[in-house]
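A.B. asks: I have a structure here, written as structure tokens, and I will follow up with some questions on it.
The values are calculated or read from the model by the stated rules, or taken from the named source; none is laboratory data. Just so it is clear, the structure is predicted and the values come from calculations on it, not from any experiment. Glycine also receives a Cβ, built like all others from the backbone with ideal geometry; neighbour counts cover every protein chain displayed. To get the accessible areas, we keep the full protein, side chains included, count just its heavy atoms, and leave off ligands, DNA and RNA. Shrake-Rupley method; radii C 1.70, N 1.55, O 1.52, S 1.80 Å.
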Amino acid sequence: MPSDDLSSIPGLEDKHLRALARQDVTDLAGLADADRQAIYRAMANLRPRPTLEQISRWQDDARNMLPEPETDASDWHPAASFVVVFSQRRAGDTRERRTEAERTEVEPEQNLQIWSGWDCGPICAWMLGQLDQAEPAQPPSEPPPEAAAERPAAEPPAAEPAAGRAQLTIDSAVIIDADGRADVVTAGALAADPLRELVAPVQVVLTVSGARPGTQVRAVTRILRPDDFGWNPQDPMIVPDSGQAEFDLSEVSVGTHEMVLIAWETEPTANLVSVSLPRITIRPGSG
């Protein structure tokens, strides 16, 4: 690309081009990718000195003048595909909602995954867990014609029974705050009267069981937001062999929150389990 292409940008004068050249910015791509602050400093002696906003306009014009990059669609291969369905039904004066998800390209066919409500956080966590070991399908290599002709016909292999699916369970969960500890999940079900008022700092300890031998399990605590998909106060962690995972909620602000506990196997055909806790209120600690 010729270096004088920069002269076609409105407002770029010869004095600006010389200052850019001293920064080795001589073409459209260089200007578009340059550091705006570096350009601003390089033009400190010019009068009038271009503003940061003006430099941004030059860079925008340079990007608009660049040709569209050529992309090869064949480079993209699907790693996994899913069907997600948001369902609802009327129950008295209210509506019940649930979300259904299914991975479509694996054999044997998976069971339908179902979550109550329309929060996308648990669904996304499950789909990302499915991708951990997903590989793009590769076409089988064909043997040379002569080798295929010499190969004796073989009996088709007998179909092996499908491996049993994992049935993950969050057996227990305990919330620990400045005042003590309380069970929120016991024997795989919500506690009858879970703690709702907490004093910072807060921790959650959960125990997961039901994973197949040799498979990796991950878990996360997710804080829901009414105007968003929610966020994870701590990154998903690998559950150790003991099945127990601890999460620090010190990043969660004081106030009222809804929280979901999620665990999943990092296998393409694994299941996911999630437990939605009752709304909790975190109060500031004495410190």
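A.B. asks: Which condition number in (1) modelled with pLDDT under 80; (2) touching a helix residue (DSSP H, G or I) at 6+ places or on another chain (Cβ under 9 Å); (3) among the aliphatic types (A, V, I, L, M) is the one that VAL83 fails?
C.D. replies: Of everything listed in (1) modelled with pLDDT under 80; (2) touching a helix residue (DSSP H, G or I) at 6+ places or on another chain (Cβ under 9 Å); (3) among the aliphatic types (A, V, I, L, M), VAL83 misses just condition (2).
A.B. asks: If a residue must be closer than 14 Å to ILE170 by Cβ and modelled with pLDDT of 90 or more, how many such residues does the range 220-242 contain?
C.D. replies: 1
A.B. asks: Kindly establish whether GLU102 is at pLDDT below 75 and either within 17 Å of THR266 (Cα to Cα) or open to solvent by 100 Å² or more (accessible area, probe 1.4 Å) (or both).
C.D. replies: Criteria not met by GLU102.
A.B. asks: Sticking with this structure for a sec: Of all strands (runs of 3 or more DSSP E) completely enclosed by the range 240-283, which ones contain at least 1 residues that are in contact with a Leu (Cβ under 8 Å, 6 or more places away or on another chain) and over 17 Å from LEU206 (Cα atoms)?
C.D. replies: Qualifying strands (runs of 3 or more DSSP E): 255-265, 280-283.
A.B. asks: Among the residues that make up the range 17-26, is at least one of them part of a loop (DSSP other than H, G, I, E, B), open to solvent by less than 30 Å² (accessible area, probe 1.4 Å) and in contact with a helix residue (DSSP H, G or I) (Cβ under 6 Å, 6 or more places away or on another chain)?
C.D. replies: For the range 17-26, residues part of a loop (DSSP other than H, G, I, E, B), open to solvent by less than 30 Å² (accessible area, probe 1.4 Å) and in contact with a helix residue (DSSP H, G or I) (Cβ under 6 Å, 6 or more places away or on another chain): present.
A.B. asks: Given the conditions (1) crowded, with 17+ Cβ neighbours inside 10 Å; (2) at pLDDT 85 or above, and given that ALA166 satisfies all but one, which numbered condition is not satisfied?
C.D. replies: Here ALA166 clears every test but (2).
A.B. asks: Still on this structure, I have one more. Collect the residues in the range 185-214 that are assigned to a loop (DSSP other than H, G, I, E, B), over 26 Å from PRO284 (Cβ atoms) and more than 25 Å from the chain's Cα centre (by Cα), keeping them in residue-number order.
C.D. replies: ALA187, GLY188, ALA192, PRO213 - these are the residues of the range 185-214 that are assigned to a loop (DSSP other than H, G, I, E, B), over 26 Å from PRO284 (Cβ atoms) and more than 25 Å from the chain's Cα centre (by Cα).
A.B. asks: Can you find, within the range 255-267, the residue that is modelled with the lowest pLDDT among those that are surrounded by fewer than 22 Cβ atoms within 10 Å (Cβ to Cβ), in contact with a Gly (Cβ under 9 Å, 6 or more places away or on another chain) and of a type outside the set (A, V, I, L, M, F, W, C)?
C.D. replies: Filtering first and then ranking leaves GLU267.
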